[in-house]
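Student: Before we start, here is the structure in question, set down as structure tokens.
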Amino acid sequence: MSRFDEEIDRVGTHSTKWDVMESYYGVSPEDGLAMWVADMDFRPPACVPAALQRMVDHGIFGYFGPDTAYRDAIRWWMDTRHGWEVSRDWIFSTHGLVNGTALCLQAYTQPGDGVVLFTPVYHAFARVIRGSGRAVVECPLANVDGRYEMNFDAYDAMMTGREKMVILCSPHNPGGRVWSAEELRGVAEFAKRHDLVLVSDEIHHDLVMPGQKHIPMATLDAGIEDRLVMMAATTKTFNMAGSHIGNVIIPDADLRKRFGEVMAGLAISPNSFGMVTATAAYSPEGAAWVDDLCAYLDGNRRLFDAGVNAIPGLRSMPMEATYLAWVDFGGTGMAVEEFTRRVEKEARIAANHGDTFGSGGESFLRFNFATPRARVAQAVERLQEAFSDLQ
């Protein structure tokens, strides 16, 4: 039995995923399956709660400092896991990467500026862009035989000159793509052609399927250091989203200065609990745990995809990374309201609605399968029953 097979009851623990789903989707936690919010139903590696326990045992929760060990843990992880050498002074710690995105908008754009997204994509980007008074510029991904690809000729034609930033989701959420070196160079050249700051959100960089290899944008010899902002975090990798800590890593001195000024003006500093958990997680013990996790997630992926793809009219996009299945219901011929009703009311599964991810997501639902395998099997059975009239 895998450590990830343990079914942990999260109901009543202030879990957004389990305690809020009924108000959002009408799916009760008593008999429903929470497959929406992107956190996992797994405990992090033992080194993380052990580090927190040491804090509790000490009993004083003051300001955190010095942070050399924390920065060196980040540097070790990026070097050993991703082949990327990071300097200590490149690293800013924010309250998660949605916060990091918002800070980038404040640092590098003005109200009314356009911010490019390759859609469909993680829904928080558009929310923060609009909330900051900037304009979302959607560059639709091409769905080529059930796999997302980029069309830069089309994107070039869409640019008006008001665009100042492009945000890349790498690996891609919700499509599960690990972008190739050629594709990443395409994004870099696109940013240079249109003089855009390139923010590369790589929060899923550790969660890749066996046989896949994530390439950090910063490791490409693409001549974009003067416009590149990298974002990564322990939170997605180790299931610690509640610690609200993320790293904005900026190689260029001018971009660092501008970002640092915004952070100083907003008086943002990280919390000590996030610093301690991140330092503990970025370790050999954490690395071994991630290797086991990815193997387990791959098993869940294969189980889920086989079951879903056996239903006529449903197609789960082939996943190269993340634990988020992107399922197209367009082949059923059903209206969005009908296939969503069947999933929520008949299968009693809460899944993210595709239209919230922007253009191109309308016929999709996103399912989080980072949960014990028995629940994944149950989800497959429920979906097959809910759409049994198609079989």
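The values are calculated or read from the model by the stated rules, or taken from the named source; none is laboratory data. All values derive from a computational prediction rather than experimental measurement. Every residue, glycine among them, receives a Cβ derived from its backbone with ideal geometry; neighbour counts consider all protein chains shown. For accessibility, only protein heavy atoms count, side chains too; no ligands or nucleic acids. Shrake-Rupley method; radii C 1.70, N 1.55, O 1.52, S 1.80 Å.
Student: Provide the per-residue ³J(HN,Hα) series for the stretch 216-224, in order, calculated from phi with Karplus coefficients 6.51, -1.76, 1.60 and θ = phi - 60°, each as a whole number of Hz, with x at glycine and proline positions.
Tutor: x, 4, 5, 8, 6, 8, 10, x, 10
Student: With n ≥ 4 as the cut-off for DSSP H runs, can you work out [θ] at 222 nm for the chain, using -39500 (n - 2.57) per run divided by the number of residues, rounded to the nearest 500?
Tutor: Taking each H run of at least 4 residues, the total per residue is -11500 deg cm²/dmol.
Student: Taking Cα pairs under 8 Å and at least six residues apart, what relative contact order does the stretch 7-111 come out at, in percent?
Tutor: Once divided by the residue count of the stretch 7-111, the mean separation gives 13 percent.
Student: What is the stretch 93-208's relative contact order, in percent, from Cα pairs under 8 angstrom and six or more apart in sequence?
Tutor: Contact order relative to length: 27 percent.
Student: Summing Lys, Arg as +1 and Asp, Glu as -1, what charge do residues with Cβ under 12 Å from the Cβ of V229 carry, V229 excluded?
Tutor: -3
Student: Right, next: With Cβ to Cβ distances under 15 Å as the rule, what net charge do the other residues near A335 carry (K, R +1; D, E -1)?
Tutor: For residues surrounding A335, the net value is -3.
Student: Please report the antiparallel percentage of the DSSP beta bridges confined to the stretch 119-238, to the nearest 5.
Tutor: Antiparallel bridges: around 15 percent, rounded to the nearest 5.
Student: Same structure, new question: For the chain, what is the relative contact order in percent, using Cα pairs closer than 8 Å and at least 6 residues apart in sequence?
Tutor: Relative contact order comes out at 24 percent.
Student: Sequence-distant or interchain residues sharing an amide H contact under 5 Å with R134, placed H: which?
Tutor: Amide H to amide H, under 5 Å and 5 or more residues apart or across chains, R134 pairs with G112.
Student: Hey, can you rank 240-246, 354-360, 47-53 by average C-beta count inside 10 Å, highest first?
Tutor: Ranked by mean Cβ neighbours within 10 Å, highest first: 240-246, 354-360, 47-53.
Student: Using 0.36 nm per residue, how much length does the chain from V11 to N271 gain when fully extended, once their Cα-Cα distance is taken away? Write down the numbers at each step before the final one.
Tutor: Values: separation 260, 0.36 × 260 = 93.60 nm, distance 2.60 nm.
Going from the current span to full extension adds 91.0 nm.
Student: OK, next. Normalized C-alpha radius of gyration of the stretch 183-332, against 2.2 N^0.38 Å?
Tutor: Compared with the compact-globule rule of thumb, the stretch 183-332 sits at 1.26.
Student: Once you list every other residue whose beta carbon is under 14 Å from the beta carbon of W18, what net charge do they have if Lys and Arg are +1 and Asp and Glu are -1? If you can, show how the numbers build up before the last one.
Tutor: Working: positive: R10, K17, R348, R375; negative: E7, D9, D19, E22, E30, D31, D39, D41.
So the surrounding residues net to -4.
Student: Give a residue-ordered list of calculated ³J(HN,Hα) values for the stretch 360-370 (Karplus: 6.51 cos²θ - 1.76 cosθ + 1.60, θ = phi - 60°; whole Hz; x for Gly, Pro).
Tutor: Once rounded to whole Hz, the list reads x, x, 4, 9, 10, 10, 10, 10, 8, 9, 7.
Student: OK, next. Would you mind pulling out the separation of the Cα centroids of the stretch 295-361 and the stretch 19-57, in Å?
Tutor: Here the two parts' Cα centres lie 21 Å apart.
Student: Moving on to the next point. Starting from the amide H of T119, placed 1.01 Å from N in the peptide plane, find each other amide H under 5 Å away whose residue is 5 or more places distant or on another chain.
Tutor: C139, L141
Student: If you don't mind, another one. Leaving out ligands and nucleic acids, and using a 1.4 Å probe, what accessible area per residue does the stretch 123-249 come to in Å²?
Tutor: Roughly 35 Å² per residue, with all protein chains present.
Student: Could you state the accessible area per residue of the stretch 256-391 in Å², with a 1.4 Å probe and every protein chain left in place?
Tutor: Result: 37 Å² per residue.
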